[in-house]
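Q: What follows is a single structure, and I will ask about it in a moment.
The values are calculated or read from the model by the stated rules, or taken from the named source; none is laboratory data. These figures come from a predicted structure and were not determined experimentally. Neighbour counts run over all protein chains shown; Cβ positions are idealised from the backbone, glycine included. The accessibility values were calculated without ligands, DNA or RNA, using every heavy atom of the protein model including side chains. Shrake-Rupley method; radii C 1.70, N 1.55, O 1.52, S 1.80 Å.
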Amino acid sequence: MLNLDFSFLNWDVVSGFVLKGLVFSVQLTLIAMVGGIVLGTLLALMRLSGKKWLVVPAAFYVNTLRSIPLVMVILWFFLLIPLLIGRPMGAELSAIITFTVFEAAYYSEIMRAGIQSVPKGQVYAGYAVGMTYSQSMQLIVLPQAFRNMLPVLMTQTIILFQDTSLVYAIGAYDLLKGFEVAGKNFNRPVETYLVAAVVYFVICFSLSMLVRRLQKKIAIIR
């Protein structure tokens, strides 16, 4: 019979083992989200440019990364980049670069759909008042595209937070790693993994509810 004991989980354990991992998971999520959206927007603009020399490499980048499991990309970056630059990068920095590059492929498709959702007549209206293509994109299209796709961007960010647990493969100290270390130190791995599952659920479910409320507000604005 399984004998569960959660009495060892106090603030000292949380602050000593778990908090450090939570901080890195949140940092990784936020950095990869911002970097991924910026790079993804650039990729989306390249794919919508109509210029083959921009469309082809952007499409290759997006389709390739979307076809490869994230854990494989994490391992490739961690093992191959140090060989190319001639020195180790560290698990945390490698994870940040990997997630930013990988998530950009997904954010790119979201932003591309958002840009295409803006009526072309608004772009032509920008031309009519003397705006250039880049000014129309910057001042008219992208703000609306970002607003329209904000719930989807947030949903992808929740998935990103869940995916940060995969950095265990390279030894980075994330939230899951914090619980794992605590479980090993107190010889209570089952309890710590159960609590870790609850923590991930609470965080992601709360964010999902926030996204749902945001989606309703955006629908009202429209």
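Q: Answer with yes or no whether residue 216 is more than 21 Å from residue 5 (Cβ to Cβ) and touching a residue at least 12 places away in the same chain (Cβ under 8 Å). Reasoning before the result, please.
A: Details: more than 21 Å from residue 5 (Cβ to Cβ): yes; touching a residue at least 12 places away in the same chain (Cβ under 8 Å): no.
Here the answer is no, as residue 216 does not meet what is asked.
Q: Based on this model, can you work out whether residue 37 counts as β-branched (Val, Ile, Thr), outside any helix (DSSP H, G or I) and open to solvent by less than 50 Å² (accessible area, probe 1.4 Å)?
A: So residue 37 does not fit the description; no.
Q: Only residues that are surrounded by fewer than 14 Cβ atoms within 10 Å (Cβ to Cβ) and part of a loop (DSSP other than H, G, I, E, B): list them for the stretch 121-153, please.
A: Answer for the stretch 121-153, where residues must be surrounded by fewer than 14 Cβ atoms within 10 Å (Cβ to Cβ) and part of a loop (DSSP other than H, G, I, E, B): 129, 130, 132.
Conditions (1) farther than 30 Å from residue 176 by Cβ; (2) assigned to a loop (DSSP other than H, G, I, E, B); (3) not aliphatic (A, V, I, L, M), marked per residue:
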| site | (1), (2), (3) |
| --- | --- |
| 18 | no, no, no |
| 30 | no, no, no |
| 42 | yes, no, no |
| 47 | yes, no, yes |
| 54 | yes, no, no |
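Q: I would also like to ask the following. What is the one condition in (1) without any contact (Cβ under 8 Å) to a residue 60 or more places away in the chain; (2) open to solvent by 70 Å² or more (accessible area, probe 1.4 Å) that residue 209 does not satisfy?
A: (2)
Q: Pairs under 8 Å by beta carbon, first residue farther than 20 Å from residue 137 by Cβ and open to solvent by less than 50 Å² (accessible area, probe 1.4 Å) in the stretch 46-72, partner at pLDDT 95 or above and of a type in the set (Asp, Glu), six or more apart or different chains?
A: From the stretch 46-72, the pairs are 70/163.
Q: Can I ask one more? Given the structure, is residue 64 part of a helix (DSSP H, G or I), within 15 Å of the chain's Cα centre (by Cα) and over 14 Å from residue 97 (Cα atoms)?
A: Answer is no for this residue.
Q: Give the stretch 74-131 a look and list any residue that's farther than 17 Å from residue 33 by Cα, in contact with a Phe, Trp or Tyr (Cβ under 8 Å, 6 or more places away or on another chain) and touching a residue at least 24 places away in the same chain (Cβ under 8 Å), or say none.
A: 91
Q: Ok, one more. So, residue 162, is that one part of a helix (DSSP H, G or I), among the polar types (S, T, N, Q), open to solvent by 50 Å² or more (accessible area, probe 1.4 Å) and modelled with pLDDT under 95 or not?
A: no
Q: Only residues that are open to solvent by less than 50 Å² (accessible area, probe 1.4 Å) and either among the hydrophobic types (A, V, I, L, M, F, W, C) or within 16 Å of residue 48 (Cβ to Cβ) (or both): list them for the stretch 95-108, please.
A: Within the stretch 95-108, 95, 96, 99, 101, 102, 104, 105, 107, 108 meet the criteria.
Q: Give the stretch 74-94 a look and list any residue that's of a type in the set (Val, Ile, Thr), out of contact with any Ser or Thr (no Cβ under 6 Å at 6 or more places or on another chain) and open to solvent by less than 70 Å² (accessible area, probe 1.4 Å), or say none.
A: Taking the stretch 74-94 as the starting set, the residues that turn out to be of a type in the set (Val, Ile, Thr) are 74, 81, 85.
Among the residues that remain, those that are also out of contact with any Ser or Thr (no Cβ under 6 Å at 6 or more places or on another chain) are: 81, 85.
Across the stretch 74-94, the qualifying residue is only 81.
Q: What are the pairs with Cβ atoms under 6 angstrom where one residue, in the stretch 133-146, is closer than 13 Å to residue 122 by Cβ and the other, located anywhere, is part of a helix (DSSP H, G or I) and aliphatic (A, V, I, L, M)? Sequence gap at least six, or different chains.
A: Matching pairs, first to second residue: 136/123; 141/115; 145/115.
Q: Right, something else. Being surrounded by fewer than 18 Cβ atoms within 10 Å (Cβ to Cβ), in contact (Cβ under 8 Å) with a residue 12 or more places away in the chain and of a type outside the set (A, V, I, L, M) is the filter; apply it to the stretch 166-199 and report the residue that is farthest from residue 31 (Cα to Cα).
A: 186
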